[in-house]
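Asks: Quick one: the structure is below, questions incoming.
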Amino acid sequence: MKKIIFGETEACLSDVLINNHPIKAKVKNDRDEVGILKIKEMKRPPRFTFLNYVDAGAEISLIIAMDFTKSNKEPTDPMSLHYCMNGIH
C-alpha cells in the first residue's frame, strides 16, 4: 500500500496543550489548508526524582576511601596528586 502525504505542519507543544489551539496542516510549499489536527488527550510518563527511587526501595551503596600515603604530598603542592588551588580541585 502506497502512503500519500497530504500536508505537513509545525506547532509549539505549549500552544497545542496549554492554549488548546488546533494545528492547521498545509500542503507542502503552499498556503492551502488540507486539514486541522486536534489532540484530544495526551499522556506524559512521570518524571521520577532521585527520592522517588529511594522511596521505592532502591538500594544505595556508599564507599569511602582515605589515602594516608606520604607520596601524595600536601594538597597545596602543585606536584601533589591531590593539588587544590584556592580550594578548587
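Asks: Between 83, 53, which is surrounded by 10 or more Cβ atoms within 10 Å (Cβ to Cβ) and more than 30 Å from residue 14 (Cα to Cα)?
Replies: On the way: 53 fails: more than 30 Å from residue 14 (Cα to Cα).
Just one listed residue meets the conditions, 83.
Asks: Against the condition basic (Lys, Arg) and either modelled with pLDDT of 70 or more or loosely packed, with under 10 Cβ neighbours inside 10 Å (or both), how does residue 26 come out, does it pass?
Replies: Numbers: basic (Lys, Arg): yes; either modelled with pLDDT of 70 or more or loosely packed, with under 10 Cβ neighbours inside 10 Å (or both): no.
Answer is no for this residue.
The values are calculated or read from the model by the stated rules, or taken from the named source; none is laboratory data. What you see is a predicted model, and the numbers here were worked out from it, not measured in a lab. Glycine gets a Cβ as well: all are built from the backbone with ideal geometry, and neighbour counts include every protein chain shown.
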